[in-house]
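The structure appears below as structure tokens.
The values are calculated or read from the model by the stated rules, or taken from the named source; none is laboratory data. Predicted, not measured: the structure shown is a model, and the values here were computed from it. When we count neighbours, we look across all protein chains shown, and the Cβ atoms used for this are built from the backbone with ideal geometry, even at glycine. Ligands, DNA and RNA are stripped out before the accessible areas are found, and what is left, the full protein with its side chains, is counted by its heavy atoms. Shrake-Rupley method; radii C 1.70, N 1.55, O 1.52, S 1.80 Å.
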Amino acid sequence: MNHKKLNQFYATAICGNDILSSTLYVSGIAIIFAGIYAPLVLLLIAVILFFYKSVYTEVVEALPINGGAYNCLLNGTSKTIAAIAGITTFLSYVATAVLSAKVGVEYLHTIINAVPIIMGTIVLLLAFALLVIMGIKDSAKVALGIFIFHVLTLTAVLFFGLISFLQGHSYFVENFARTTQIIQTQGGFISAIYLAFSASLLGISGFESSANFVEEQEKGVFRKTLRNMLIGVAIFNPLVALVVLNSMPFEAIVSAKDFLLADVAHAIGGTAFQYWIAIDAFLVLSGAVLTSYVGVSGLISRMTYDSCLPSFFDKINKKGSYPRIVIGFF
């Protein structure tokens, strides 16, 4: 079907909401294992991602077809191995959608107690399923709005964090002294960095999503989406970790790991800023749900075309989406 392709802003927003939602939790994960070295760990992950981007760009652009890792392995290994990778990616999207929806509703619950968490999660998953069925272009508009708001919010976190530091409110020296104890409990410096690095790789989930809907993108957009996501990860994750280390003592960071950025916002900007962060968290995690639906649609349609799955799923509507895949995924 001929329909308008996504430009770099729409395509980046769809997968960017997933990868940049990691700023809500990845700082806490890295700090728990590596203390003040957490920003360096997150920067190292960005460096690794830079080299991975080059390889991934070459592989996907050589054969720009939906399917992501499945499609890459299909042309380099056997169909069985590729199918296993495809199903593993599918399960990853299931986990991403459910956990993102649940945590997003939990953030909303912190400011509106009347919102039920389980029912709210189901409603959110259903709402975005219907949005994707309406067409990827309409979904991309919503994703772009969420993405812009999230980037502005993270910029505000860095700004208020800088103001707090200049005003002399800092726990960095205290956390520096605490880091020695943290490293000892992790079995030494190398072990601490390794554990922090491994756990923090959760923060780049979503980087692979762009390849799962590459056919919906304009020519040359795919490599730009990877570049834009890399820039976001390289800038925000390490700097937000610095703000966290400067704004809260280690014990408070550990106890607030589930809603860390909201607690940091309260420390540097007050209650109003904390509510702002909670709303942003709800929106960007909802955007991660959207990423899951779009990514799994491209993946399953490709696997159906290769007869890995029943042809029942390969039914496209006038909007260019796959309603049977979306409803089945829901």
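Taken as a whole, the structure places Ile84 among residues that are touching a Leu at 6+ places or on another chain (Cβ under 9 Å), aliphatic (A, V, I, L, M), open to solvent by 40 Å² or more (accessible area, probe 1.4 Å) and within 18 Å of Gly295 (Cα to Cα). Say whether the condition of being at negative phi, of a type in the set (Phe, Trp, Tyr), touching a Phe, Trp or Tyr at 6+ places or on another chain (Cβ under 7 Å) and open to solvent by 20 Å² or more (accessible area, probe 1.4 Å) is met by at least one residue in region 267-282. Checking region 267-282: at least one residue is at negative phi, of a type in the set (Phe, Trp, Tyr), touching a Phe, Trp or Tyr at 6+ places or on another chain (Cβ under 7 Å) and open to solvent by 20 Å² or more (accessible area, probe 1.4 Å). If the condition is being open to solvent by 60 Å² or more (accessible area, probe 1.4 Å) and assigned to a helix (DSSP H, G or I), then region 110-123 contributes Thr110, Ile118, Met119, Ile122, Val123. Scanning region 100-147 for residues that are among the hydroxyl-bearing types (Ser, Thr, Tyr) and farther than 25 Å from Gln274 by Cα turns up just one, Ser139. On the basis of being in contact with a Leu (Cβ under 9 Å, 6 or more places away or on another chain) and either farther than 30 Å from Ile325 by Cα or crowded, with 18+ Cβ neighbours inside 10 Å (or both), does Val214 make the cut? So Val214 does not fit the description; no.
So which pairs qualify, if the first residue must be in region 157-182 and at negative phi, the second must be open to solvent by 60 Å² or more (accessible area, probe 1.4 Å), the Cβ gap must be under 6 Å, and the two must be at least 6 apart or on different chains? Listed pairs, sorted by first residue: Leu158/Leu239. Pairs meeting the criteria (first residue in region 77-100 and closer than 16 Å to Ser307 by Cβ and touching a residue at least 24 places away in the same chain (Cβ under 8 Å), second residue open to solvent by less than 80 Å² (accessible area, probe 1.4 Å) and of a type in the set (Asp, Glu), beta carbons under 8 Å, at least 6 apart or on different chains) are Lys79/Asp306.
Hey, can you tell me all the residues within region 222-259 that are among the hydroxyl-bearing types (Ser, Thr, Tyr) and either touching a strand residue (DSSP E or B) at 6+ places or on another chain (Cβ under 8 Å) or under 13 Å from Ile19 (Cβ atoms) (or both)? Before the answer, list the steps.
Going through region 222-259, the residues among the hydroxyl-bearing types (Ser, Thr, Tyr) turn out to be 225, 247, 255.
Once the filter is applied, which keeps residues that are among the hydroxyl-bearing types (Ser, Thr, Tyr) and either touching a strand residue (DSSP E or B) at 6+ places or on another chain (Cβ under 8 Å) or under 13 Å from Ile19 (Cβ atoms) (or both), region 222-259 yields only Thr225.
Looking only at residues of region 183-211 that are aromatic (Phe, Trp, Tyr) and in a helix (DSSP H, G or I), we find that the one that is most open to solvent (accessible area, probe 1.4 Å) is Tyr194.
Among the residues making up region 124-142, a single one is of a type in the set (Gly, Ala, Ser), within 21 Å of Glu106 (Cβ to Cβ) and surrounded by 15 or more Cβ atoms within 10 Å (Cβ to Cβ): Ala129. Residues that are on the phi > 0 side of the Ramachandran plot and assigned to a helix (DSSP H, G or I) are absent from region 38-48.
Screening region 161-171 for residues that are at pLDDT 85 or above and open to solvent by less than 70 Å² (accessible area, probe 1.4 Å) and picking the one that is farthest from Ala267 (Cα to Cα) gives Ile163.
Among the candidates Ile14, Ile19, the residue that is surrounded by 16 or more Cβ atoms within 10 Å (Cβ to Cβ), under 23 Å from Lys224 (Cβ atoms), touching a residue at least 24 places away in the same chain (Cβ under 8 Å) and in contact with a strand residue (DSSP E or B) (Cβ under 9 Å, 6 or more places away or on another chain) is uniquely Ile14. Inside region 164-186, residues that are of a type in the set (Ser, Thr, Tyr) and within 9 Å of Gly35 (Cα to Cα) make up a count of 2. Among the residues of region 302-312, not a single one is under 28 Å from Lys141 (Cα atoms), out of contact with any Cys (no Cβ under 9 Å at 6 or more places or on another chain), crowded, with 23+ Cβ neighbours inside 10 Å and at pLDDT 90 or above. Taking the condition open to solvent by 40 Å² or more (accessible area, probe 1.4 Å), over 18 Å from Val243 (Cα atoms), touching a Leu at 6+ places or on another chain (Cβ under 7 Å) and touching a residue at least 60 places away in the same chain (Cβ under 8 Å), does Phe33 pass? Answer is no for this residue.
Remark: pairs (first residue in region 204-215, more than 19 Å from Ser22 (Cα to Cα); second residue acidic (Asp, Glu) and part of a helix (DSSP H, G or I); Cβ separation under 8 Å; 6+ apart in sequence or on different chains) are absent.
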